[in-house]
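Below: one structure, written as structure tokens.
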2 protein chains.
Amino acid sequence: MTQSHGWAAQNVAAPLAPFRFSRRDLHELDVLVDIQFCGVCHSDIHAVRNEWGNAVYPMVPGHEIVGRVKSVGSAVRRFKAGDLVGVGVIVDSCGSCSSCKSGEEQYCEVGGTLTYGVRDRYGDLTQGGYANNIIAPEHFVHAISPKLNPAGVAPLLCAGITTYSPLRHWQVGPNNKVGVVGLGGLGHMALKFAHAFGAHVVQFTTSESKIEDAKRLGADDVVISKDPTAMKKQAASFDFIIDTVSAPHDINPYLEALKRDATYCQVGLPDKPPVIDPGHLLFKRRSWSGSIIGGMAETQQMLDFCAEKNIVADVEVIPIQKINEAFDRVVKADVKYRFVIDMASLDRG
Amino acid sequence: MTQSHGWAAQNVAAPLAPFRFSRRDLHELDVLVDIQFCGVCHSDIHAVRNEWGNAVYPMVPGHEIVGRVKSVGSAVRRFKAGDLVGVGVIVDSCGSCSSCKSGEEQYCEVGGTLTYGVRDRYGDLTQGGYANNIIAPEHFVHAISPKLNPAGVAPLLCAGITTYSPLRHWQVGPNNKVGVVGLGGLGHMALKFAHAFGAHVVQFTTSESKIEDAKRLGADDVVISKDPTAMKKQAASFDFIIDTVSAPHDINPYLEALKRDATYCQVGLPDKPPVIDPGHLLFKRRSWSGSIIGGMAETQQMLDFCAEKNIVADVEVIPIQKINEAFDRVVKADVKYRFVIDMASLDRG
């Protein structure tokens, strides 16, 4: 067995606290990674607090992982000890369904194996990246350029790919007008990517205080979404809108902002389903859709694109000892724009 | 002025009754059509009963019109007196917006002119096809093959194009599994078209009594949608589903029947918005969309396709004197599958 230590929740009510556990021995295609940084995703909080009703404890959360390869299984070809790598939201999939075969492992028809909180193919409970190390099959490990700040890279493994993938899937590019709803961990990455793809990018936000930051991050324009007059001015003008907000909100005014045949893509998952008037879809043949993370090859493409364009997340680096406080601040959206845990802190105090 | 007579509602509470009115003199691009048949669309009832809240009276409904050209304006080139032609849901559009320029007049950004119940560009109240004649610009008139039964052609102008257009837009063809929700005026046309396009077609219905008819109309399979086990068997297997039902109904189980990246297209417009769980979209990148009628060139393509494949609607021909009774039967879904008024009856009784 591989000895590991990190911070875990022991039950739904407990704060995260230090925890020792073991991971499997390396199989021939496995990579053992010593973790340097792990991003703090809002879904870590949902999972730990059992807000999706399927929590299994003890739970070490974390799926925005950057570290260095410690050792590799005998059949691993892409990586060697010392390489800088990343691990994201899934660490396995069936490999043989039509989604897996077409490089869309995130839509594996058997169900991909989440990086933490589920049973893997060996029957082990997966444990995430708020820890000193992790093991994942080579196929679910990504090469990271040393040119980038590794703390800023960590959130690319979830917040990054979750926004990059739909922007690519719906072929956002120059001559497109693209909207980003919400300016948080996901939203700020959507802004950076849509801008990098050459689109005219409009940030929708409820908060005037975010105007300046949105422009710094790549917005060509900012619309205050609670102003009905400002919203009406945007009618039928967008080629694509990506909605990164998980809190319940009215999406009807945004649908009206889409051109004929354009798509509204939800990447946040509100607990309460939005009620939308299907007339907004019919009368302009618009689509309402959604997307989750991205495929493994696509995740590597994104990381390479980020190295080329010097794109990373805006992060606030914290020691693991601040994690429970950070959770509370994430819930209050009090972070610009992602907490990232420096795992060097694990062995302190 | 052109003298016309038909059956109109004089107010929201009145049954349809005989009515004399006038239409404009022919402009140079206008076609005057002597009406032979007019289909009875459920939206005629919504409009006459002011169920959309925008009724203007007196109202002569009807937008599934087949007849013979009586005379043409000086600049008309495509038609001459005696030609068999059709007129559908719109009789004008701006002609210069991007939708009109790309042959999608139904999505005209200024707003297409409905065949009845609205003010046209001359300020006249449009009056529909429950009448002896109608005038429409050449661009909104379609050639009809004399090979087809003209009574069965009439519903193609609305029910036909409303289902043909999305099936073409989403490129339904051989090797596709396609679902049709609802078996009424629209549903039975969707079945015929999807079958003619070579798809494997599955009819969803709440009613076991419709199984035999669905198979006769082109269904390869029929699923009773109120049977949760039968619905679950269809999980993630459809390339496209077209929903023709206007009554409120739960679409979540149908969304789960779609493959990854597949589209659910609504062509019926329920008064009460369906509440859908966005998870059904996100976790397979499915889309929920909608569509209205079709463009003018596409309507002609459909009519030509129908002539080639010998496709018409299944109709029950009635005299105009039975129209109020027919309305009540349409509301009870007691028609297989479309009432069509024989306008020769206008001058009787």
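Being of a type in the set (A, V, I, L, M) and touching a strand residue (DSSP E or B) at 6+ places or on another chain (Cβ under 8 Å) is the filter here; which residues of the range B:176-202 pass it? Let's see the steps before the verdict.
Taking the range B:176-202 and keeping what is of a type in the set (A, V, I, L, M), we get B:178, B:180-181, B:183, B:186, B:189-191, B:194, B:196, B:199, B:201-202.
Once the filter is applied, which keeps residues that are of a type in the set (A, V, I, L, M) and touching a strand residue (DSSP E or B) at 6+ places or on another chain (Cβ under 8 Å), the range B:176-202 yields B:Val178, B:Val180, B:Val181, B:Leu183, B:Ala190, B:Leu191, B:Ala194, B:Ala199, B:Val201, B:Val202.
With the structure loaded, tell me whether B:Ile320 is at pLDDT 95 or above and within 14 Å of another protein chain (Cβ to nearest Cβ) or whether it fails that test. Walk me through it before giving the result.
Numbers: at pLDDT 95 or above: yes; within 14 Å of another protein chain (Cβ to nearest Cβ): no.
So B:Ile320 does not fit the description; no.
Please tell me if B:Val340 is of a type outside the set (Gly, Ala, Ser), at the interface with chain A (Cβ under 10 Å from one of its Cβ atoms), buried (at least 23 other Cβ atoms within 10 Å of the Cβ) and out of contact with any Lys or Arg (no Cβ under 7 Å at 6 or more places or on another chain). No; evaluated as a whole, the condition is false for this residue.
Residue-wise test of (1) touching a Leu at 6+ places or on another chain (Cβ under 8 Å); (2) more than 14 Å from every other protein chain (Cβ to nearest Cβ).
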| site | (1), (2) |
| --- | --- |
| A:Pro248 | no, no |
| A:Lys272 | no, no |
| A:Gly290 | yes, no |
| A:Gln300 | no, yes |
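Residue selection: A:Ala136 fails the criterion of being within 20 Å of A:Gln300 (Cβ to Cβ), of a type in the set (Gly, Ala, Ser) and open to solvent by 10 Å² or more (accessible area, probe 1.4 Å). Within the range B:250-263, the set of residues being within 17 Å of B:Trp170 (Cα to Cα) and either touching a helix residue (DSSP H, G or I) at 6+ places or on another chain (Cβ under 6 Å) or within 8 Å of another protein chain (Cβ to nearest Cβ) (or both) comprises B:Leu255, B:Arg260, B:Thr263. Of all residues in the range A:8-35, those satisfying the criterion of being open to solvent by 30 Å² or more (accessible area, probe 1.4 Å) and more than 27 Å from A:Glu51 (Cα to Cα) are A:Arg24, A:Asp25, A:Leu26, A:His27, A:Glu28, A:Leu29, A:Asp34.
Among the residues of the range A:162-189, those that are farther than 19 Å from A:Gln234 by Cα and of a type in the set (A, V, I, L, M) comprise A:Leu167, A:Leu186, A:Met189.
Restricting A:Gly179, A:Gly173, A:Gly198 to those that are at positive phi, small (Gly, Ala, Ser) and not in a helix (DSSP H, G or I) reduces the list to A:Gly198. Can you tell which of B:Gly294, B:Gly218, B:Gly268 is touching a helix residue (DSSP H, G or I) at 6+ places or on another chain (Cβ under 8 Å) and either free of Cβ contacts under 8 Å to residues at least 24 places away in the same chain or surrounded by 22 or more Cβ atoms within 10 Å (Cβ to Cβ) (or both)? Every option except B:Gly294 fails the conditions.
Every condition in (1) under 24 Å from the mean Cα position of the chain (by Cα); (2) touching a residue at least 12 places away in the same chain (Cβ under 8 Å); (3) open to solvent by 30 Å² or more (accessible area, probe 1.4 Å) holds for A:Phe79 except the one numbered (3). Filtering B:Thr244, B:Thr229, B:Thr263, B:Thr299 for residues that are under 21 Å from B:Ala190 (Cα atoms), β-branched (Val, Ile, Thr) and over 19 Å from the mean Cα position of the chain (by Cα) leaves a single hit, B:Thr263. Which one is least open to solvent (accessible area, probe 1.4 Å), of the residues in the range A:271-291 that are in contact (Cβ under 8 Å) with a residue 24 or more places away in the chain and out of contact with any strand residue (DSSP E or B) (no Cβ under 7 Å at 6 or more places or on another chain)? Taking the candidates together, the pick is A:Pro274. In the set (1) within 14 Å of chain A (Cβ to nearest Cβ); (2) closer than 30 Å to B:Pro174 by Cβ, the condition left unmet by B:Ala313 is number (1). Residues of the range B:49-76 that are among the charged types (D, E, K, R) and open to solvent by less than 60 Å² (accessible area, probe 1.4 Å): B:Glu64 alone. Do the conditions hold for B:Ile311, that is, is it at pLDDT 95 or above, more than 25 Å from B:Arg216 (Cα to Cα) and open to solvent by 10 Å² or more (accessible area, probe 1.4 Å)? Taking the combined requirement at face value, the residue does not satisfy it.
A single member of A:Asp92, A:Asp124 is in contact with a helix residue (DSSP H, G or I) (Cβ under 9 Å, 6 or more places away or on another chain), over 19 Å from A:Leu303 (Cα atoms) and either surrounded by fewer than 18 Cβ atoms within 10 Å (Cβ to Cβ) or acidic (Asp, Glu) (or both), and it is A:Asp92. Considering (1) outside the structural domain of A:Glu104 (by TED's automatic domain parsing); (2) within 26 Å of A:Ala196 (Cβ to Cβ); (3) within 23 Å of the chain's Cα centre (by Cα), the lone condition that A:Pro270 does not fulfil carries the number (2). For the range B:98-110, a residue qualifies if it is out of contact with any Cys (no Cβ under 6 Å at 6 or more places or on another chain) and open to solvent by less than 40 Å² (accessible area, probe 1.4 Å), and the qualifying residues are B:Gly103, B:Glu104, B:Glu105, B:Gln106, B:Tyr107.
For A:Tyr116, the stated conditions do not hold, so it cannot be described as open to solvent by less than 10 Å² (accessible area, probe 1.4 Å) and at negative phi. Restricted to the range A:26-132, the set of strands (runs of 3 or more DSSP E) holding at least 3 residues that are outside the structural domain of A:Met189 (by TED's automatic domain parsing) and under 19 Å from A:Met343 (Cα atoms) comprises A:30-40, A:65-72, A:84-87.
To keep it simple, each residue is scored yes or no on (1) touching a Pro at 6+ places or on another chain (Cβ under 6 Å); (2) crowded, with 22+ Cβ neighbours inside 10 Å; (3) more than 14 Å from chain B (Cβ to nearest Cβ).
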position	(1), (2), (3)
A:Leu157	no, yes, yes
A:Arg168	no, no, no
A:Gly179	no, yes, yes
A:Gly187	no, yes, yes
A:Lys192	no, yes, yes
A:Val201	no, yes, yes
A:Phe204	no, yes, yes
A:Glu212	no, no, yes
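Of all residue pairs spaced 6 or more apart or on separate chains, those with beta-carbon atoms under 9 Å, a first member in the range B:183-209 that is touching a residue at least 40 places away in the same chain (Cβ under 8 Å) and a second member that is hydroxyl-bearing (Ser, Thr, Tyr) and assigned to a strand (DSSP E or B) are B:Leu183/B:Thr205; B:Gly187/B:Thr205.
Got at least one residue in the range A:321-333 being among the hydrophobic types (A, V, I, L, M, F, W, C) and either within 30 Å of A:His139 (Cα to Cα) or more than 18 Å from the chain's Cα centre (by Cα) (or both)?
Residues of the range A:321-333 among the hydrophobic types (A, V, I, L, M, F, W, C): A:323, A:326-327, A:330-331, A:333.
After this cut, where a residue has to be either within 30 Å of A:His139 (Cα to Cα) or more than 18 Å from the chain's Cα centre (by Cα) (or both) as well, the list is A:323.
Yes, there is a match, as at least one residue in the range A:321-333 is among the hydrophobic types (A, V, I, L, M, F, W, C) and either within 30 Å of A:His139 (Cα to Cα) or more than 18 Å from the chain's Cα centre (by Cα) (or both).
The values are calculated or read from the model by the stated rules, or taken from the named source; none is laboratory data. Nothing here was measured: the structure is a model prediction, and the numbers come from that model. Note that we place each Cβ from the backbone using ideal geometry, even for glycine, and neighbour counts take in every protein chain shown. The protein model used for the area step is the full one, side chains on, heavy atoms only, and it has no ligands, DNA or RNA in it. Shrake-Rupley method; radii C 1.70, N 1.55, O 1.52, S 1.80 Å.
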